[in-house]
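Working notes, beginning with the structure itself.
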Amino acid sequence: MDLYQELILEHSKRPQHAGLREPFGAESHHVNTSCGDEITLRVDVEGEGDDAVIKDVSYDSIGCSISVASASMLAENLIGLTLREAQEVFGATRTMLTSKGQAAGDEEVIGDAIALAGVSKYPARVKCALLSWSALQDSLGKLGLDLTGGAASTTEETKA
Amino acid sequence: MAHASFDAARVREDFPLLARRVRDDKPLVYLDSGATSQSPESVITAEGDFYRTVNAAVHRGAHQLSEEATDAYEGARETIARFIGGRADDIVFTKNATEALNLVAYAFSNAGAPGAMDGVDEAIASKFALGPGDEIVVTAMEHHANLVPWQELARRTGATFRWIEITDDGFVDLDSAREVITERAKVVAFTHVSNVLGTINPVNDLATIAREAGALVVLDACQSVPHMPVDVAQLDVDFLAFSGHKMLGPTGIGVLWGKHELLEAMPPFLTGGSMIEIVKLEGTTFAPPPQRFEAGTPNAAQAVGLGAACDYLEALGMDNVLRHEQDLIQLTLDGLAERPWVSVLGPQDAGARLGAVAFVVDGVHPHDVGQILDDAGVAIRTGHHCAWPLHRRLRAVASSRVSFNVYSTADDVEAFLTALDRVPNIFGLEV
Ligand SMILES: Cc1ncc(COP(=O)(O)O)c(C=O)c1O
């Protein structure tokens, strides 16, 4: 079936940047109550406002292949980016994931996460793919940084 | 191993939904009846006919329709009472088993309010008195519906919440039960059949231990009443709860059965219209049970639908249903045993279980297993099935579950096993 792209399986078996690391500025623990998937995510940031640089994203993720792969892709995509750039990646990823199969995603912006395009056809799985993002959004929020750049939050969208 | 008395292929024809196709026109293989079962035409018709012919508020109107609606509603109560060997007066309609269990839990906390037990025999009133030093006991295999309300009751009253351990092969540990249930226990609540392990629990053994301690016994019968003969006269329990939507009936209707003298003593859970005796601005007295526990306009059409579901099951014969479903469990266990990359949760012996088979594919998350099966039109449940502490106890993050009802067939089991064989392939497991 086309949901399980090779890239998803690779990331879920060998998640990139996995494990919880020091130093970190904030940490969040999020749970997908419908299936019990869990993630603890840490983010380390240098600088202020939209120019702040994401120095590290580390995580401990227990869950299905989609949620683990999505966390792995998130870390791979965001480490080293400014908050402004991260907002763009998040926006593009979220648009693809919530498109109900209509948006293929832009590989230039979201990298390997393009392989998650098929997830958008399965509403129950969109939550799995967004779990790490909602944890990141929460962590950044604790540091006074807004991942959405002012747009709606992932948690609200995943409830829809 | 088909039994002459039971023709599942014939039974299937009564269930219109099972003709559906899903996921690019594949025939539906519905193996999630433990969550919600499908309804036969007779149930759908009974519910529809209520709206088409007699719909009105029950127990209220001064007109013919209201009389007929009331007769249909009360007739359903009698049918359901007969189905479980009880009396109609001891059947309380709720919206589901969860509400039924909360109704009992709230009777304990409401009994503590000043005046709530006035006029009640002291021996009975004392059974509902709960406070610090008293204990509430469940098992480690409970569905959240028979766990969280008791935890919360403990929190509200200051009583202590305790649980009975289970064995590694998925049985209630009776030694643990004897240890945990002491004279401090006021209520012991447990499931008749586990919705994950499928284990059929020794109700009367546990009840005997509870009785010796003087505790009330609450049975969660959600996964037994749909699948086996259940007779409240044979079970040594005080309360029994189940849901209509798991036994071929509609959603929005559930049942609490209780011993009459206990229901009679209990303060109400929800209050308002239909449950009163006399209302004055200075204060209100309450109707006798079951009305005392049915505040507001009830789900009458759904009660009538549930009555029709009981008639349908009665006609099949619950002994036949039990045998048929245990045959399917045996087939499933045999099939899974041939696949060493699968571990089954719960008893290995089909005779010790009912309703469901939960399993784990080693190295693949249940959510992914469910997705691959869904792609083949096979509907199962994945996750912790509202039994998170049980999964923690079994050291499983989550599990996949197939579950059966009267219309399930050996072909369904075959289709499931065939679809399951795609999992190691897609996930590159060594098999
Ligand atoms: C064993 C058990 N108890 C309680 C429940 C709760 O039933 P309901 O959600 O219909 O209230 C269920 C089903 O979900 C169950 O399987």
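The values are calculated or read from the model by the stated rules, or taken from the named source; none is laboratory data. The structure displayed is predicted, hence computed values, not measured ones. Heads up, the Cβs are rebuilt from the backbone with ideal geometry, glycines too, and the neighbour counts pull from every protein chain shown.
Yes or no: B:Gly249 within 16 Å of the ligand (Cβ to nearest atom), in contact with a helix residue (DSSP H, G or I) (Cβ under 9 Å, 6 or more places away or on another chain) and on the phi > 0 side of the Ramachandran plot? Step through it out loud before you land on a result.
Details: within 16 Å of the ligand (Cβ to nearest atom): yes; in contact with a helix residue (DSSP H, G or I) (Cβ under 9 Å, 6 or more places away or on another chain): yes; on the phi > 0 side of the Ramachandran plot: no.
When the stated conditions are applied, B:Gly249 does not pass them.
Failed condition for B:Val172, given (1) touching a residue at least 40 places away in the same chain (Cβ under 8 Å); (2) crowded, with 20+ Cβ neighbours inside 10 Å; (3) closer than 28 Å to B:Arg392 by Cα, with all others met?
Among (1) touching a residue at least 40 places away in the same chain (Cβ under 8 Å); (2) crowded, with 20+ Cβ neighbours inside 10 Å; (3) closer than 28 Å to B:Arg392 by Cα, B:Val172 violates only (1).
Taking the stretch B:87-98 as the search range and keeping residues that are buried (at least 21 other Cβ atoms within 10 Å of the Cβ) and more than 10 Å from the chain's Cα centre (by Cα), which one is farthest from the ligand (Cβ to nearest atom)?
The selected residue is B:Asp90.
Do we find that A:Gly63 is over 15 Å from A:His30 (Cα atoms) and either within 14 Å of another protein chain (Cβ to nearest Cβ) or surrounded by fewer than 24 Cβ atoms within 10 Å (Cβ to Cβ) (or both) in this structure? Write out each step before concluding.
Details: over 15 Å from A:His30 (Cα atoms): no; either within 14 Å of another protein chain (Cβ to nearest Cβ) or surrounded by fewer than 24 Cβ atoms within 10 Å (Cβ to Cβ) (or both): yes.
No; evaluated as a whole, the condition is false for this residue.
Of all helices (runs of 4 or more DSSP H) completely enclosed by the stretch B:297-392, which ones contain at least 2 residues that are away from chain A (no Cβ under 14 Å)?
Numbers: elements: B:300-316, B:318-337, B:366-375.
So the answer is B:300-316, B:318-337.
Regarding B:Val279, is this residue hydrophobic (A, V, I, L, M, F, W, C) and in contact (Cβ under 8 Å) with a residue 40 or more places away in the chain? Talk me through it step by step, then tell me what you get.
Values: hydrophobic (A, V, I, L, M, F, W, C): yes; in contact (Cβ under 8 Å) with a residue 40 or more places away in the chain: no.
Answer is no for this residue.
Report yes if some residue within the stretch A:26-45 is of a type in the set (Lys, Arg), over 13 Å from the mean Cα position of the chain (by Cα) and either away from chain B (no Cβ under 14 Å) or surrounded by 17 or more Cβ atoms within 10 Å (Cβ to Cβ) (or both); otherwise report no. Before the answer, list the steps.
Pass one, the stretch A:26-45, residues of a type in the set (Lys, Arg): A:42.
From what is left, the residues that are over 13 Å from the mean Cα position of the chain (by Cα) are none.
There is no residue in the stretch A:26-45 that is of a type in the set (Lys, Arg), over 13 Å from the mean Cα position of the chain (by Cα) and either away from chain B (no Cβ under 14 Å) or surrounded by 17 or more Cβ atoms within 10 Å (Cβ to Cβ) (or both).
Sort out which residues of the stretch B:414-430 are touching an Asp or Glu at 6+ places or on another chain (Cβ under 9 Å) and either away from chain A (no Cβ under 14 Å) or among the hydrophobic types (A, V, I, L, M, F, W, C) (or both), and write them in order of number. Quick ask: steps written out before the conclusion?
From the stretch B:414-430, those touching an Asp or Glu at 6+ places or on another chain (Cβ under 9 Å) are B:417, B:419, B:422-424, B:426-427, B:429; that's our starting set.
Result: B:Leu417, B:Ala419, B:Val423, B:Ile426, B:Phe427, B:Leu429.
Go through the residues of the stretch B:124-146 one by one and say whether even a single one is over 25 Å from the mean Cα position of the chain (by Cα), of a type in the set (Asp, Glu), more than 15 Å from the ligand (Cβ to nearest atom) and not assigned by the TED database to the domain that holds B:Cys386. Break it down into steps so the answer makes sense when it comes.
Kept after step one, since they are over 25 Å from the mean Cα position of the chain (by Cα), are these residues of the stretch B:124-146: B:124-126, B:129-134.
When the remaining residues are screened for being of a type in the set (Asp, Glu), the result is B:134.
Those left that are additionally more than 15 Å from the ligand (Cβ to nearest atom): B:134.
From what's left, not assigned by the TED database to the domain that holds B:Cys386: B:134.
Within the stretch B:124-146 (the criterion being over 25 Å from the mean Cα position of the chain (by Cα), of a type in the set (Asp, Glu), more than 15 Å from the ligand (Cβ to nearest atom) and not assigned by the TED database to the domain that holds B:Cys386), the answer is yes, since at least one residue qualifies.
Where in the stretch B:1-114 are there helices (runs of 4 or more DSSP H), lying fully within it, with 2 or more residues that are basic (Lys, Arg), at pLDDT 95 or above and closer than 30 Å to B:Pro290 by Cα? Can you show your working first?
Values: elements: B:8-12, B:41-49, B:64-83, B:97-111.
So the answer is B:64-83.
Check B:Glu142 against each of (1) charged (D, E, K, R); (2) surrounded by 14 or more Cβ atoms within 10 Å (Cβ to Cβ); (3) not in a loop (DSSP other than H, G, I, E, B) and name the one condition it does not meet.
(3)
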